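For reference, the structure discussed in these notes is given below.
The values are calculated or read from the model by the stated rules, or taken from the named source; none is laboratory data. Bear in mind the structure is a predicted one, so any value in this text is a computation, not a measurement. So basically every Cβ, Gly included, is an ideal-geometry build from the backbone, and we count neighbours across all protein chains shown. Ligands, DNA and RNA are excluded from the accessible area calculation, which covers all protein heavy atoms including side chains. Shrake-Rupley method; radii C 1.70, N 1.55, O 1.52, S 1.80 Å.
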Amino acid sequence: MIVLGLETSCDETAAALVTDQRQVLADVVRSQLKDHAPFGGVVPEIAARRHIDHLDGLIRRALEEAGIGLDRVDAVAATAGPGLIGALMVGLMEGKAIAAVRGVPFIAVNHLEGHALSPRLIADVRFPYLLLLVSGGHCQLLIVEGVGRYRRLGTTIDDAAGEAFDKAAKLIGLGYPGGPAIERAAKKGDPKRFALPRPMKGRAGADFSFAGLKTAIAHLVASLSAPLDEQTVADLAASFQAAVADVLIDRTTNAIASYRLVVPEGGAIVVAGGVAANTLLRERLTALAAKSDLAMVAPPLRLCTDNAAMIAWAGAERLGLGLTNDFDFAPRPRWPLDPLAEPAPGSGRAGRLGRKA
Ligand code: KG4
Ligand code: ZN
């Protein structure tokens, strides 16, 4: 079975062809980083237009790479949410159109489910496993119980971890995206020079908060004499990175305790999302997993950041269970994986949480 996957939820346009036997026949991504860079963030209208400009070409390229025609595609999976509504519509409509013309099943995929199931595309990771999803748009800890079955243990009450990296980088004068820039600068820095807060550390549960850390960096930078010298930038980056890693490890430790109530021994922890590229985080998670009798699975970076292979794979998993969708499936700007999860305490939201949650 060959599944065509389409991803257009934010600022990456992507198409991929994946088989239900875990073969990635093609996986093409076009980042819109440069299109949005002049505005210092993703502009929804521009994102939608660039998806329209490039999606056809990317699908064609994916088919060429795989050396097949559309006639070989057995099902089409497209991201239906959560994300930017105009952006989502592009991939969803195109996916439906291709499925309709070809007369094959259509699967509306939750982008977060794409991330959540991605480790199963590269390894035989059995349910239930623990997932730390950390990117610019998401920050949560989940137990992945099965396809379509997720239990959220914690989420952010304000910023996502990647977003915190991006904001901190901006404050200390490093470029966008901030995560890689901070990691690079931190290599020559002293993580102990500046004492930054560790929001939520030591508290029960597995929720996150990064807004206070951003404020602390802003105050700290304001108190230092400008321009910042290279060593100070490195020390700020190292101190910030250490604070984020401490928080993520603390929250994950609590999540492991909850996971242990479900899986008393063995099991696995998976880390996904752009922040999973961070070496310090990977090292500390690897150590935590070893200490906790957990296998640690970090999908290759290409599969960690936004891509369509994970959407095609989630489609393949759903198809295998007979979970297909009708063409009236509407795009969903918000679409929590765990609909039963309570809003994060302190999020200030009585009802539904935002995209990051
Ligand atoms: O998953 P992703 O490509 O896109 C979404 O946000 O969905 O994640 C991008 C985020 C950015 O915020 C970026 O700063 C962060 O991941 N990031 C990193 C690193 N590489 C990317 N954060 C920390 N360390 C890194 N090496
Ligand atoms: Zn994502």
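Brief remarks follow.
- Of all residues in the stretch 288-310, those that are in contact with a strand residue (DSSP E or B) (Cβ under 9 Å, 6 or more places away or on another chain) and outside any loop (DSSP other than H, G, I, E, B) total 11.
- Filtering LEU261, LEU248 for residues that are within 29 Å of HIS111 (Cα to Cα), open to solvent by 60 Å² or more (accessible area, probe 1.4 Å) and assigned to a helix (DSSP H, G or I) leaves a single hit, LEU261.
- Taking the stretch 322-334 as the range and being within 16 Å of ligand 2 (Cβ to nearest atom) and either assigned to a helix (DSSP H, G or I) or more than 20 Å from ALA16 (Cβ to Cβ) (or both) as the test, the residues that pass are ARG332, PRO333, ARG334.
- Among the residues of the stretch 290-312, those identified as surrounded by 21 or more Cβ atoms within 10 Å (Cβ to Cβ) and modelled with pLDDT of 95 or more are LEU294, ASN307, ALA308, ALA309, MET310, ILE311, ALA312.
- Matching residues in the stretch 122-158 - criterion: being within 15 Å of ligand 2 (Cβ to nearest atom) and not in a strand (DSSP E or B): SER135, GLY136, GLY137, HIS138
- The residues listed here are LEU288, LEU319, LEU303; of these, the one that is away from ligand 2 (no atom under 16 Å from the Cβ) and in contact (Cβ under 8 Å) with a residue 60 or more places away in the chain is LEU319.
- Within the stretch 170-188, if we keep just the residues that are near ligand 1 (Cβ under 10 Å from one of its atoms) and touching a residue at least 60 places away in the same chain (Cβ under 8 Å), the residue that is most open to solvent (accessible area, probe 1.4 Å) turns out to be TYR176.
- Condition met for ALA237 (at pLDDT below 95, farther than 12 Å from ALA164 by Cβ and either in contact with a helix residue (DSSP H, G or I) (Cβ under 9 Å, 6 or more places away or on another chain) or of a type outside the set (Phe, Trp, Tyr) (or both)): no
- In the stretch 189-202, the residues that are within 25 Å of ASN254 (Cβ to Cβ) never reach a residue that is open to solvent by 70 Å² or more (accessible area, probe 1.4 Å) and assigned to a loop (DSSP other than H, G, I, E, B) with C-beta atoms less than 6 angstrom apart, at least six apart or across chains.
- Scanning the stretch 291-300 for residues that are out of contact with any Pro (no Cβ under 8 Å at 6 or more places or on another chain) and within 16 Å of ligand 2 (Cβ to nearest atom) yields ALA298, PRO300.
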